[in-house]
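The values are calculated or read from the model by the stated rules, or taken from the named source; none is laboratory data. A quick note: this is a predicted structure, and the numbers were derived from the prediction, not measured. When we count neighbours, we look across all protein chains shown, and the Cβ atoms used for this are built from the backbone with ideal geometry, even at glycine.
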Amino acid sequence: MRGRGRWNLEAMEPRIVPASAIPTVGLVVPPQALIGSTVQFTASFQNSSATQTGYGPIIDLELPTVGTGTNNGLSFTGATYLGSPVKATVETFDATGHATNPMAFDSSGNPVVITGIPGDQLVILTLPSGSVTPGQPTTDVTTNASVSNQATLGTPH
């Protein structure tokens, strides 16, 4: 959830929830990049569950494409794992800040709608393995994005 807001939560009756995989992603991003250049960062995926295997692993990234002005941020250019291309689906958050993730589905079988900043990119990286077991080493995906040549010097995006 971005910006100020309040969660609208209510208590539910107790339920037994089956154990499930716990996907976690860490990012290693350089502290700065040159305007008009390509920036490279690592997205590390891991199953943090002690016992459950996860299936169909994906990484969702939101890139600030718009920044503080039109085309004033980052644009996804590609990703690799161990030197091989990673399948990527790029969606743009619409005027209401919604983008559909065609790789994730809710309990009714509908694609998940993700909320972000209008104009930014939602990048869905499909990892090359069909499953990730507990204790398996991280899957480190090298990701590239171009920094707009219209970016404002000294303004973080």
Would you confirm whether or not the stretch 20-34 contains a residue that is at pLDDT 85 or above, in contact with an Asp or Glu (Cβ under 6 Å, 6 or more places away or on another chain) and of a type in the set (S, T, N, Q)? no
Could you check residue 100 against (1) closer than 26 Å to residue 30 by Cβ; (2) polar (S, T, N, Q); (3) at pLDDT 90 or above and say which number it fails? (1)
Pairs returned, first residue in the stretch 137-157 that is among the acidic types (Asp, Glu), second residue that is at pLDDT 90 or above and surrounded by 13 or more Cβ atoms within 10 Å (Cβ to Cβ), beta-carbon separation under 7 angstrom, 6 or more apart or interchain, are 140/42; 140/44
